Amino acid sequence: MWQSIPELGTGLLLASLVGAGYAFALAAISAARPHLLGAARRATYGTVALVGTAVIVLAYAFVSHDFRLSYVTRYSDRSMSFGYLMSSLWGGQDGSLLWWMFLLAIYSGACIYWLRGRYLALQPYVIATLLSVIVFFGLITLFAADPFTTILTGAPVDGRGLNPLLQNIYMIIHPPALYLGFVGCTIPFSFAIAALITGRLGNEWIVAVRKWMLFAWLFLSLGNALGMIWAYVELGWGGYWGWDPVENAAFLPWLTATAYVHSTMIQERRRMFKLWNVVLISLTFLLTIFGTFLTRSGVIASVHAFAKSDLGTYFLYYLGLLIAVTVGLIIWRFPKLRSDDHIETTSSREAAFVLNNWALVGAAVFVAVATTFPIISEAILKETVTVGPEFYNRWMTPVGLTIFALMGLGPLLGWRKTSARAFRRGFVFPISVAVVVAILHAILGARFNMPAIVLREPDPGGDVVVGGFLAVGAALRYLGSIVPIITSTLAAFNITVVVQEFWRGAAARRARTHENPAVALARCVAKSRRRYGGYIVHFGIAMMFIGFLGQAWGVSGQASLVPGQSYQLQGYTLRYERFRAEADASKEMQFADFSVTDQDGRLRGVVSPAKFIYRSHREQPTSEVAVLNSVRDDLYVVLGNFTGPTGRAAIQVHINPLVSWIWFGVLVLILGAGVALWPASTGKPVGVMRYLKLATSLVAAVGFSLLLASLSGRILPNATAPASPSTTSPPAGMDVHAP
Amino acid sequence: MPPEASTENAPLRPVEPQAGDFDPTRLLEAIPLLGLLASIVASVVYGFPTGLIVIGGTLLLTGIWNLWVSLQLVAGDRPGQPEATASESETDAPSYEEEQKAFLLRALDDLEFERSVGKIDDEDYRVLREQYRKRAKQALAGEDAGDPLRQEAESIVRTYLEEQGLTGPSTTSPPPASESDADEDTGADEGRGSQ
């Protein structure tokens, strides 16, 4: 096996492609000859297993340091721990495409297994669509990005190692999470295509994709959040979201998927928004492919992008084909996509959801245009116009706040219309709380270094980009000054709405059942998991907005200190205690230890920003950020230059208020999505096979966990070191990460 | 492209074996899981690379076996299951009608809930409830169509109505659930009580 790994890997890719093509053909034919459906399903399972085998072979090549493979040489070395060797699977262009195909194969297998006797009229087209996407990725992987390509000059003694920026715990979990979100959007898209082809555009496919879409949305959210954490602890500029094109590429499908998970409720309940839902699902999938094109083509400059390659051309043609097919089908089925009902009044939930759709799609269009503007300007104006974070922040802030306001309004509005009485009952309490919070913020905010209004200086760069919209841009800048009080007011409104909804639900149940309040609340949630799961997600997003708000009050400073000296910034005093140097198998590490005290002189902790010099990337030292977290703010310290003999260290210090709220909000969001996804009991008797499967799965899960635990020492040898790398941007063409 | 569906969501009905039936061939489904277990054992005893080889080998065999079964099904060398049931042991998958029914009952429940907390007024409640009930009746009728018990029940009702001299056009259609029954099912009375 050792001798034949490259041939075996490429052979498996070829077999996967043939298997996928065969399964696609069978699925397509089975629409007319249903007896072939079973064969198509078997062929799909076979393809899934072959793709899985190819991934396992590549993983084996990594752990056995098979440097005959060019991909293994470029993205690993002998000093790397097991965990990072595994993350190298998706660390580069070729492996990440195989990883994408692998996840898509798993999704396809799971979906087809789940389908079994369900949705038989849709099944052939669902399977065919899924397989067609696998075929595309199979072609790309085999002919344009084969990770099993060998080095013609022979195997080197050691590899070049993984980019230091990727040697971070979040890089082990962020890409798979984001990929799960991206790839997961293929399943709903396949159902939409099947519904369009068959003309079965009622609730059938909407009900079928509900949980698949929610699952993909959850992982899109999680992937984006983990990417934010990685950027925060790794890139060392003090923030977590820089509107980088690759970040935007991951954000775009999240926007349209969010619109869909709301819009679908209207079709389920009122048989409206059929066109919206088909378009939103299709758009979400197309945006995942578009994002992949952006990341892999090299047409945009990004710290996250893969090296420039000609893969973009493949993705561009594929995107064109997908758009043509989808638009053609939508036009063909347009008469069937008309709503069965209409919106009665603007004060209805349906109207709020239309606004929500437009706001989210508008945001997606804005971000997409701004992201591709450098390419557009290059093509039309023959000059590259850069769109910076300030521009995004200025324009996206009002859009984001509009969506935030709609998020609070939606649950309070009734179907068809909201009567004056219902309006009073729903709105009085949340609005009262919001007004009280606004007043308190205005009065007390400055005392806690969180003023309600933060005046913004004109930003020439931003205005130049705005061009013909200078006046609007200036107006937005002034609007930006009052963003803190607007955000805190809306956050209070949203949180009160959620609390009120739980309260009203439990109270209504108690009135009927006379249960104890806690039991009534728990049963209320258990009975309507989707509704209350959604409210919990809203609560999480409100927490995240509070975290985003902290940006308005952030302060930064820098200093050059020798051991024994101190530096003060907004109530924090950092005393430079000592310098120390350490080393492990893969790198040399230089730490600067600072003790941190607050304004009352209490010790808050020790931070140790560092410089890491990896043996495989000596030319690319990384700065390891040290963060002292608290609910109120983060003390974020970056080590810049370091002078050996005196131990003089140049540091950058950022105080980032409320950042922890974002991460807490993400946890709450995951909890809410989990509640909404939790399956309902069917009440059916369970066969012996179910128990057998459950027992085997449990044993396998526990065994796998124990195995991972036993390997933990090898997985993360640097776990005790402070967070992670880097103020150093990698040179152009270095693969960092991408969806 | 296929012919247009005659009705928008007319369901195909799978044949559903009894949920408790045990089919020994289903043990084959456990092979990947057993492979995973074997790879864990191999990893612990011989190291992770060996575990990878074991799981890779299991996957390869699973792939080849499934493709072989697929070819046999295409060639007709292996008896396929009835066309509507696809290939595998799908005894526990709820049918489209069951899912629709469950969804509509939940929707009715939600409607009651929204009324009980005062989010919708009586007129909207009535209109929406009628819409849902109409759809629920269609789903229930679809689910029960062809059910001998239902036909027997219909026959009894028809006979009874004829005996009572109450036959009319409405008796030719499937008997809908009575208002009070539906209200009981969806908790409507409970909702009203909290107003």
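The values are calculated or read from the model by the stated rules, or taken from the named source; none is laboratory data. Just so we're clear, the structure is a prediction, and the values are computed from it rather than from any experiment. When we count neighbours, we look across all protein chains shown, and the Cβ atoms used for this are built from the backbone with ideal geometry, even at glycine.
If you check A:L329 against the conditions, is it surrounded by fewer than 18 Cβ atoms within 10 Å (Cβ to Cβ) and modelled with pLDDT of 90 or more?
So A:L329 fails the test.
What number of residues within segment A:346-372 satisfy the criterion of being assigned to a loop (DSSP other than H, G, I, E, B) and out of contact with any Lys or Arg (no Cβ under 7 Å at 6 or more places or on another chain)?
Total satisfying the criteria: 1.
Mind checking which residues of segment A:505-522 are within 11 Å of chain B (Cβ to nearest Cβ) and buried (at least 19 other Cβ atoms within 10 Å of the Cβ)?
Matches in segment A:505-522: A:G505, A:A506, A:A508, A:R509.
Applying the selection to segment A:597-626, what residues are within 27 Å of A:P164 (Cβ to Cβ) and surrounded by fewer than 19 Cβ atoms within 10 Å (Cβ to Cβ)?
Correct list: A:G605, A:V606, A:I613, A:R615, A:R618, A:E619.
Would you point out the residue of segment A:620-663, among those that are part of a loop (DSSP other than H, G, I, E, B) and either closer than 15 Å to A:L549 by Cβ or not assigned by TED's automatic domain parsing to the domain that holds A:V562 (or both), that is farthest from the chain's Cα centre (by Cα)?
Taking the candidates together, the pick is A:R632.
I want to confirm something. Restricting to segment A:1-32 and keeping residues that are within 9 Å of chain B (Cβ to nearest Cβ) and not in a helix (DSSP H, G or I), which single residue is modelled with the lowest pLDDT?
Selected residue: A:M1.
Taking A:L196 as the residue in question, decide whether it is within 14 Å of chain B (Cβ to nearest Cβ), buried (at least 22 other Cβ atoms within 10 Å of the Cβ) and either basic (K, R) or not in a helix (DSSP H, G or I) (or both).
No, not satisfied.
Which ones in segment A:8-28 are surrounded by fewer than 18 Cβ atoms within 10 Å (Cβ to Cβ) and either free of Cβ contacts under 8 Å to residues at least 40 places away in the same chain or among the β-branched types (V, I, T) (or both)?
Scanning segment A:8-28 gives A:G11, A:V18, A:A25.
Pick from segment A:470-497 the residues that are in a helix (DSSP H, G or I), away from chain B (no Cβ under 14 Å) and of a type in the set (V, I, T): which of them is surrounded by the fewest Cβ atoms within 10 Å (Cβ to Cβ)?
So the residue we want is A:V472.
For segment A:29-38, what are the residues that are under 13 Å from A:A128 (Cβ atoms) and crowded, with 23+ Cβ neighbours inside 10 Å?
Result: A:S30, A:L36, A:L37.
Any idea which of (1) under 32 Å from the mean Cα position of the chain (by Cα); (2) of a type in the set (K, R); (3) surrounded by fewer than 23 Cβ atoms within 10 Å (Cβ to Cβ); (4) facing another protein chain (nearest Cβ under 10 Å) is the one A:R41 doesn't satisfy?
Evaluating A:R41 over (1) under 32 Å from the mean Cα position of the chain (by Cα); (2) of a type in the set (K, R); (3) surrounded by fewer than 23 Cβ atoms within 10 Å (Cβ to Cβ); (4) facing another protein chain (nearest Cβ under 10 Å) leaves (3) as the failure.
Please tell me if A:W217 is away from every other protein chain (no Cβ under 14 Å), out of contact with any His (no Cβ under 9 Å at 6 or more places or on another chain) and touching a residue at least 12 places away in the same chain (Cβ under 8 Å).
In short, yes.
Mind checking which residues of segment A:377-436 are more than 30 Å from A:E501 (Cα to Cα), among the hydroxyl-bearing types (S, T, Y) and not in a helix (DSSP H, G or I)?
A:T384, A:T386
Working only within segment A:156-184, note down all residues that are over 23 Å from A:L104 (Cα atoms), surrounded by 20 or more Cβ atoms within 10 Å (Cβ to Cβ) and of a type in the set (V, I, T).
A:I169
Just wondering, is there one or more residues in segment B:159-179 that are at pLDDT 75 or above and either closer than 19 Å to A:W415 by Cβ or touching a helix residue (DSSP H, G or I) at 6+ places or on another chain (Cβ under 8 Å) (or both)?
Yes, because at least one residue in segment B:159-179 is at pLDDT 75 or above and either closer than 19 Å to A:W415 by Cβ or touching a helix residue (DSSP H, G or I) at 6+ places or on another chain (Cβ under 8 Å) (or both).
Out of segment A:219-245, which residues are part of a helix (DSSP H, G or I), crowded, with 23+ Cβ neighbours inside 10 Å and out of contact with any Phe, Trp or Tyr (no Cβ under 9 Å at 6 or more places or on another chain)?
A:P245
Being in contact with a helix residue (DSSP H, G or I) (Cβ under 7 Å, 6 or more places away or on another chain), part of a helix (DSSP H, G or I), surrounded by fewer than 18 Cβ atoms within 10 Å (Cβ to Cβ) and at pLDDT 70 or above is the requirement here; does A:L455 meet it?
So A:L455 fails the test.
When the residues of segment B:40-95 are filtered to those that are in a helix (DSSP H, G or I) and polar (S, T, N, Q), which remaining residue is modelled with the lowest pLDDT?
The qualifying residue modelled with the lowest pLDDT is B:T85.
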